Amino acid sequence: MGSKSTDSALEGIRVLEICDDKGSYCGKLLADMGAEVIKLEASTGNSGLTANARATPPLWPGEGDLSCSLSFLYNNTNKKSICVDIESADGQRQVRKLASSCDLVIESLAPGGLAALNLGVETMLSDNPGLVVTSITGFGQSGPHRDYQSADIVASALGGAMVVTGFADDPPVKLCGSQSFVMASTMAAVSSMIALHHSQQTGVGQQVDISIQETMLAVTSICGIGKWLEDDIVSRRYGTGLFAAAPSGTYPCKDGDIYLIINRPLHWQVLAKWINEVSGNQEVLDPMFEGTSAGRLPYRELLDIFITELTQEFTVEEFYREGQRRHLAVTPLSTAKGVTGDQHLNARGFYVDVEHGEGNTLRYPGAPYRLSQTPWRIKSPAPTPGAHTGEVLTGLEEERESRQRSRPGNALKKAGEGALAGLRVVEFGAGMAGPWIGRHMAFCGADVIRVESKGFPDVTRLFVPPKAPELGLQPQMSPWLTDWNAGKRYISLDLTRPEAPELIRRLIACSDIVIDNNGSGVLEKFGLGFDQLTALQPELIVLSSTGFGRRGPDANYISWGPNIETLSGLANLSGFAHRDCTMTQFAYPDPLSALYGLFSILCALHYRGKTGKGQQIELAQLEATVASIGDVLMEVYGHDREPQKPGNRAPDHAPQGCYPCLDESGNSDRWCAISIADEQQWKRFCQLLGKSEWIVDPRFNSVPNRQANHTVLDELIGEWTIARDPYEVMHCMQQAGIAAGVAQTVEDQWLNDPHLKARHFFEQINHAKKGSVFAPGLGLGLSRTPGKTSDAGGAIGRDNRAVFCQLLGMGDAEFDEYVASGVIENSE
């Protein structure tokens, strides 16, 4: 890594962006990897594409005409800006001609918005048959809720994130920044690259339909439909601990809190021994606490007492360093300034300085991923409005003709093949962060071969059914095995045997991509490092995804998703002011890192298609998570101050919150999120509540005044919502054109959301043991190449013979010898 290459992975791809804040991060991801991204900003009219986004506080360098939103600056690096009156006939003709010269259009107008501007998808595809049009909306292009209003808080509520974030004593709470938009934009970038891969091989474009609600449902799949249907678990807020891991949570040190999670039997033994060493506690060594996390769940409170006896003897820094020295997943609770000053991130050169002209420099969070041949880079800051109008609109006809000539004329794929058919992926994955990448690729037609070892089983193979613990370990039955690994082939090797790496090398020699999210240096120990592998296959793309990256002072530290939540600042910056640590139950950095990893692979794949060159990709999950809250951290660099904890509020929407509703079941945990975007919505809201006097009330008659009196206003709104069913509140608001959404549990998603049912979001999959199961959809939204899951519940080593004999040409006698010697492990 650390290449000084000036190549860009996406150089030559032209993108037209017609997006507000729901999709601007998608354009950033593409532009930062070298695509020419042309941002359309409205010169007149009511399209509202970017005017409000440029003014969202906090601003930099200060107040006045030259100031600009820090979040806008972060989300629009490397782009070009054109100003066009898109509501005029001339403007529409210009945009249509521009789209015909592009490879990709990304847009976040309301469903039907493009068609209303005479720029419908079919129109653009008739002009440019290979075009990919990616639409990012709150609820997708179809279904009964397609015209509903959305907001970050609404998507987070309906998408299942808020009800499992924070503390049971508090309302459901969203994460800091606009994480539903970040995730939808990243999903859109992934799907766009998959669709472009297909288009470049076939000449056939398509629309990509990204629903922000469905994206969040996919991201929260740890708490999803499988855990409810199979295990009767309806996840809710659980404080700093995790519902499925014991011990887990924050523990007091001498000078603050430390986060700890134990997910492996061996890690518990190490922790118990340490507790005994320091406190003399003998009870902690009782064998009843050993084994999988499921066996310790009944003793959570007792174990928390034991752990506190240990942590209170150390400072946070002492416990962090000593815990990691003992190979335990412990991390501090970082503030925004703690993250920007983190020694590991700064040693890795993560933060970058960007020139803004006239001697002004602003520091930005850096790359979510590092590609050895085509590095991420910021070449230019966000543009001023219309800075490139003349440059872009000149010569469109010549540009269009040139691109049309370069597009393929004959299909290279068979009809009905997945968009990634023909690719072979070898996966060395653990948990979700790596395997979820392979899950998406298999869904899209790639041949994904998962390498496992019985001596080092993945967490998904350590499943004990909560409804029938007497059955013991059931390695094919975990809902998470389905959610993260369905559709793959499974081989099993004893990696401690010297013959095993040679068999892996034979497999990789005929593969395209390797995915690895084991600890730093694990594959190298087996002689399977990047240099050794590319000697076998020079076009190989190798992704290494770890918590801290492959170099730097903390490179060998271990982590799980929740550790990254605390270390990245996400846990401290999210939630309510009276909480120092706000955790999700869905290990947010895991799905986040998976989508970033998949996007980086697809960028490398595009570059390989142009040059024949493979490359290494390094993804540090800490850096990926920091990048996702980069717009929030910009306040540290722009104003040298800690961002305020927002709770459920927003700087440009007021009121906004999650309000208590009537709960006839009696569990007192029914809520509806509401977000008021402008004065017209505020007036309709007041009339709907029968409170027209609020419109002229000096406490509430402007956004700044409503912000100043938000607590009082929240109480008044809660008095109205508490008497009503949450779905009544949601539909009532939506009928008035106001963004609102129930803080849905997984049970709500399945039973009470007709929109998800109409869009067939949940996928029914054939299962080796259960016949069939339901799993959350992946939310890719590919219209022509929709993807499918072949099967789920495969046993460890199920496909040994098919892979080694049929694919690699190993004879039966040789295969049987490897099985007899234990190198190839028998299928269960």
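The values are calculated or read from the model by the stated rules, or taken from the named source; none is laboratory data. Note that the structure is a prediction, hence the values are computed from the model and not measured. All Cβ positions, even for glycine, are placed from backbone atoms using ideal geometry, and neighbour counts span all protein chains on display. Protein only, heavy atoms only, side chains kept; ligands, DNA and RNA dropped before computing areas. Shrake-Rupley method; radii C 1.70, N 1.55, O 1.52, S 1.80 Å.
The table below gives the values:
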{"item": "Sites Lys525 and Lys683, calculated FRET efficiency, Cβ-Cβ separation with R0 51 Å, nearest 0.05", "result": "0.20"}
{"item": "Which listed pairs, of Lys174/Lys227; Lys467/Lys770; Lys227/Lys454; Lys337/Lys379, have C-alpha distances above 19 Å, in listed order", "result": "Lys174/Lys227; Lys227/Lys454; Lys337/Lys379"}
{"item": "Relative contact order (%) - region 722-828, alpha-carbon pairs under 8 angstrom, separation at least six", "result": "15 percent"}
{"item": "Euclidean distance of C-alpha centroids, region 415-437 and region 528-579, integer Å", "result": "19 Å"}
{"item": "Protein accessible area in region 203-303, 1.4 Å probe - carbon and sulfur %", "result": "51 percent"}
{"item": "Protection proxy ranking, peptides 689-701, 428-440, average beta carbon neighbours within 10 Å, highest first", "result": "428-440, 689-701"}
{"item": "Under 5 Å, built H, 5+ apart or other chain: amide partners of Asp20", "result": "Ser108"}
{"item": "Sequence ranges 368-380, 134-146, ranked by mean other-Cβ count within 10 angstrom, highest first", "result": "134-146, 368-380"}
{"item": "HN-Hα J in Hz across region 256-268 - Karplus 6.51, -1.76, 1.60, θ = phi - 60°, x for Gly and Pro", "result": "x, 9, 10, 9, 9, 9, 10, 10, 10, x, 5, 5, 5"}
{"item": "Cα-based reach from Lys254 at 18 Å (exclusive), listing aspartates and glutamates while leaving out same-chain residues under 8 positions away", "result": "Asp304, Glu309, Glu313, Glu317, Glu318, Glu322, Asp580"}
{"item": "Among Trp228, Val204, Gly159 the positive-end extreme of the charge dipole of region 159-243 (Cβ point charges)", "result": "Val204"}
{"item": "Percentage relative contact order, the chain, counting C-alpha pairs under 8 Å, at least six apart", "result": "18 percent"}
{"item": "Set Lys525/Lys769; Lys28/Lys645; Lys613/Lys757 screened for pairs whose C-alpha atoms are more than 32 Å apart", "result": "Lys525/Lys769; Lys613/Lys757"}
{"item": "Of Phe289, Asn705, Leu780, farthest towards positive along the dipole that unit charges on Lys, Arg, Asp, Glu beta carbons give the chain", "result": "Leu780"}
{"item": "Relative packing of peptides 315-328, 212-225 - highest average C-beta neighbours within 10 Å first", "result": "212-225, 315-328"}
{"item": "Anchor Lys610: aspartates and glutamates whose Cα lies under 16 Å away (excluding residues fewer than 8 positions away in-chain)", "result": "Asp7, Glu11, Asp103, Asp512, Glu539"}
{"item": "Computed helical MRE - 222 nm, the chain, DSSP H runs ≥ 4 contributing -39500 (n - 2.57), nearest 500", "result": "-10000 deg cm²/dmol"}
{"item": "Residues with amide H under 5 Å from that of Thr134, placed H, sequence gap 5 or more", "result": "Val105, Ile106, Glu107, Val208"}
